[in-house]
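Before any comments, here is the structure.
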Amino acid sequence: MQNTNVAYDSKVEGEIIVTQADAVINWIRKHSVWPMPMGLACCAIELMAAGASRFDISRFGMEVMRFSPRQADCMIVSGTVTYKMAEVIRRIYEQMAEPKWVVAMGACASTGGMYRSYATLQGVDRIIPVDVYVSGCPPRPEALLDAMIKLQDKIGRERSVKNLTARNAKPAKADNLALAGAGKES
Amino acid sequence: MAESEFAQLKERFDYLSERQSADHLAVNCPANKLVEFCGALRDDLGYDLLVDVTAVDWDAQSPRFTGIYHLLSTTKHEYLRIAADCADDINPSLPSLCEVFAAANWHERETYDLMGIHYDGHPDLRRILMWDEYPYHPLRKDFPLAGIEVPLPADDVAEATGATVLPAPMMGGPFVSSADGPMSQTEPSARDESWTEQKEKPTD
Amino acid sequence: MATTTKEISIGDLGARSSEHETELQGETMALNVGPSHPTTHGVLRLKMELDGDVVKSCDPVLGYLHRGDEKIAENMTYNQFVPYTDRLDYLAPLANNVAYAMAVEKLANLEVPERCEAIRVLCCELARVSSHLLGVGVYGMDAGAWTVFMYTFTEREKLYTLFEELTGARFTTSYTRIGGVARDIPEGWLGRVLEFCKGVLPVLDQVDKLLTRNRIFMDRTVGIGAISKEDAIAYGLTGPNLRACGIDLDLRKDKPYLGYEKFDFEVPVGTTGDCYDRYLMRAEEIRQSVSIIRQCIDQFPEGSYYAEDAKKIFAPQKAKVLTSMEELIQNFMIVTEGPQIPAGEVYFEAENPKGALGFFIVSKGGGVPYRLKIRGPSFCNLSILDKLIPGHYLTDITVILGSLDFVMGECDR
């Protein structure tokens, strides 16, 4: 939690901390992001290396790599997305429950990478909205961890209470997407 | 040496002719004798492992497509390349080797998918690398590297996102110079298409 | 209160489905082990029909990682294509680099000096150790043994440090060039490789203790996914998968390249061709590779790391390029037009960790290939799946796929 959200004097409040609901909700969400590794190609190996003992993604609370989209928060698209695979990724993205975020890991997921050919989707942001792009081919695990930290910062800035209480809270849809690089607009 | 091996093969199979090769023995075989030749190679001469099945598109030449097979003998440790020209340039076809080598199944499906060569007698000839409804054969020389616009294979995703299979933006690359011609024209330039998302492909 | 005892027979608990002949009750269930699944080691899709727990038919669907490498190759110079070869078998990129460079050099009829060959041997064998460590680690993880994954990944990280020192990248190294390698080995690198070798063998012993005689692991793998010799050859299997079936075919011994005939190593050959054998193959191959690495370092030759007489193929040294006219022109021609490779056709296979990786190159002269076909070992290894899986239980699929150790990068290209 950021210091500006907390005003705490133990002599006055005792064992109660008063803060904003947003701060608490975002704090909880960002420190236990459960990634869904959409491991497609070489970047998946660096993702596994980030999860292994040297770079240890579990320091950030993210070691629970759920392969089921229903149980995951953040889809890390790691590897080249082909047109054949595109429908699978979109369907899996739609099955994830809100709130959800997407990290496009690597050059191929961000923009198609060095595969400018007939079969490669030139960036996964053509079909799903992406929150953080990581460059590299493949990005080092440290770069991925940096991206996850940036994602945590982004989560920290969300207006969670507003989203939670909105009557018609809708997931990101086609009208929110611009062709090149859409971010979540909540 | 390769010459004597070829001579031995030629003695037995007189329809073969020798093919230029940088390394192993390579022979040309007419398409209608292919199954018989490969069967004999496998049973009598010990070439039991089908390593690779592929094809080359010679573009402006006729015959346009040549099927290439590589066999390996696990006992003699020798490779053999067999080239079989397809008779028809528009709808090329070759006999399938699935009866002789089980490995041919997937390799022929791939060659059909990418080159469009139809294998007669194949039990299940459908696309393997591209999706089933893809209308083109990508590895042919007249197909551009960037691809041609087709609808996405899944309708619901196409509707939800508005995405289609777009040609990849070549942006002026890949920068490769052509093999021959005057120096000024062999300067690296986009060999393929140079449109981008800002500068659209001119419709012709 | 009186108790009654009733004897019931529960049949033969250990019998596998192929020994049961049970009537199909109801309908078969269509199950899709989708492209996004932890079991499938990448994007492989299995469309299956199940009768209860038993698989009746299996149709693998590939192509989810088909990126158009072969078409791209027709538009790239030979050196520009090296990074694409990295991403074929992305668990052992150095081995792919070497195989590709050797195929093109064969077409150009180019011999590289001994030091270059020794460097390439080290690259191949270190890549083999890296790939098999992952193969064994992930296989253990699939069968439920998470610790093995952690141990082997730690060793792989040490390898990554070595690769990074040598080539600049942890993996996806793009280290070879046509006619040599990109740069010479750094100071003290060989010593660090030897240290790594010393460290990996005890870890392998630990993994051995954890898995090889482990009751659960053996129950899950012995007798499962057995491939007969005839099937293995008919379906074009190569590499450890073929050798596990009892066929002694290793291209390093049978068609030696890079001077492998100088080294004294054994090729493990299995007996039954089941999943357990395939695991044992890989574990033993790591030991043999370590032995080859040690021998290679012992006999490491001096000399040049590239073919110095390959004027139109290997770019000259930068110091000369910036000062001398001839080298400047040469550099320009090689970088823009590509290494000038004569016309012809060549097919070269190297013994990669996954099997035999082959490159069929048709050249019409010039710096760009006319046709480049990549024979991916995983493509051929997977073709046996629709014969192998039916008859097994659903839970055996994880183990079978893990034991085949395939990579979709080189399967789909």
Tell me the net charge near B:Asp85. Cut-off is 13 Å between Cβ atoms, B:Asp85 excluded, with +1 for each Lys or Arg and -1 for each Asp or Glu.
0
Which pairs, out of A:Lys100/C:Lys71; B:Lys141/C:Lys320; C:Lys47/C:Lys373, put more than 31 Å between their alpha-carbon atoms?
A:Lys100/C:Lys71; B:Lys141/C:Lys320
Taking a label point 7 Å from the Cα of A:Arg157 along the Cα→Cβ vector, which residues of the stretch A:123-139 have an amide N closer than 15 Å to it?
A:131-133
Please compute the Cα-Cα pair-distance distribution of the stretch C:100-177 with 10 Å bins starting at 0, giving whole percents from short to long.
17, 38, 27, 14, 4
Gaussian network model of chain C, Cα within-10 Å springs - most flexible of C:Ala234, C:Ala103, C:Ala315:
C:Ala234
Using only Cα atoms, locate the centre of the stretch A:127-158 and the centre of the stretch C:322-382, then give the distance between them in Å, rounded to an integer.
36 Å
Per-residue Cβ counts within 10 Å, from other chains only, averaged over A:45-52: what number is that?
5
Neighbours of C:Glu345 by Cβ distance under 13 Å: Lys/Arg at +1, Asp/Glu at -1, summed charge +3
If you wrap a convex hull around the Cα atoms of the protein assembly as shown, how much volume per residue is inside, in Å³?
238 Å³
Report the charge-dipole magnitude of the protein assembly as shown in Debye, nearest 20, computed about the Cα centre from +1 at each Lys and Arg Cβ and -1 at each Asp and Glu Cβ.
2180 debye
Could you pull the Cα extents of the stretch A:21-185 along its three principal axes, largest to smallest, in whole Å?
46, 41, 24
Using a 7 Å offset from the Cα along the Cα-to-Cβ direction at both B:Asp59 and C:Thr395, what is the distance between the two label points in nm, to one decimal?
5.7 nm
Given a Förster radius of 35 Å and the C-beta distance between B:Lys76 and C:Asp205 as r, what FRET efficiency does 1/(1 + (r/R0)^6) yield to the nearest 0.05?
0.35
How crowded by other chains is B:163-169, given as the mean number of beta carbons from other chains within 10 Å of each beta carbon?
6
Would you grab the residues whose amide H sits under 5 Å from the one on B:Ser93? Only those 5+ places off in sequence or on another chain, please, with H modelled 1.01 Å from N.
B:Ala87, B:Asp88, B:His118
Here the tail fraction of P(r) beyond 14 Å, over all Cα-Cα pairs of the stretch C:277-366, rounds in percent to 78 percent
Part-to-part distance (alpha-carbon centres) for the stretch C:46-98 and the stretch B:28-42, which is given in Å
29 Å
Among C:Ser57, C:Ser130, C:Ser36, whose mean-square fluctuation peaks in a Gaussian network model of chain C (Cα, cutoff 10 Å)?
C:Ser36
Assuming R0 = 30 Å, can you tell me the calculated FRET efficiency for the pair C:Leu31 and A:Glu98, based on Cβ-Cβ distance, to the nearest 0.05?
0.55
Residues whose built amide H sits under 5 Å from the amide H of C:Arg45, excluding neighbours closer than 5 in sequence, are C:Val61
State, in angstrom, two size descriptors of the stretch C:318-411 derived from its alpha carbons: Rg to one decimal place and Dmax to the nearest whole number.
21.4, 69
Top mean-square fluctuation among C:Thr85, C:Thr77, C:Thr28, Gaussian network model of chain C, C-alpha springs under 10 Å?
C:Thr28
Per-residue average of other protein chain Cβ atoms inside 10 Å, peptide B:122-131 -> 4
With a Cα-only, solvent-free Debye model of the stretch B:5-80, what are the log10 I(q)/I(0) values at q = 0.15, 0.22, 0.25 Å⁻¹?
-0.53, -1.14, -1.43
At A:Thr165 and C:Thr271, where each label point lies 7 Å from the Cα along Cα→Cβ, what is the point-to-point distance in nanometres?
7.3 nm
Average Cα contact separation per residue, chain C, under 8 Å, 6 or more apart, as relative contact order %
26 percent
Listed peptides C:244-252, C:373-381, A:50-58 by packing density, highest first (mean Cβ within 10 Å)
C:373-381, C:244-252, A:50-58
Amide H of C:Arg375 versus every other amide H placed in the peptide plane: which residues, excluding those fewer than 5 positions away on the same chain, fall under 5 Å?
C:Gly358, C:Phe359, C:Phe360
Cα pair count fraction exceeding 39 Å, expressed as % - chain C
24 percent
Could you work out the relative contact order of the stretch A:21-185? I mean the mean sequence separation of Cα pairs under 8 Å and 6+ apart, divided by the number of residues, in percent.
24 percent
Relative to the Cα centre, what is the charge dipole magnitude of the stretch A:21-185, using +1 at the beta carbon of each Lys and Arg, -1 at the beta carbon of each Asp and Glu, and rounding to the nearest 20 debye?
320 debye
Centre separation in Å (Cα based) which lies between the stretch C:206-247 and the stretch C:145-183
26 Å
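FYI, it's all coordinate maths here, none of it is from the lab. Everything quoted here is computed from the prediction, not taken from an experiment. Counting neighbours? That spans all protein chains shown, and the Cβs are built from the backbone with ideal geometry, glycine included.
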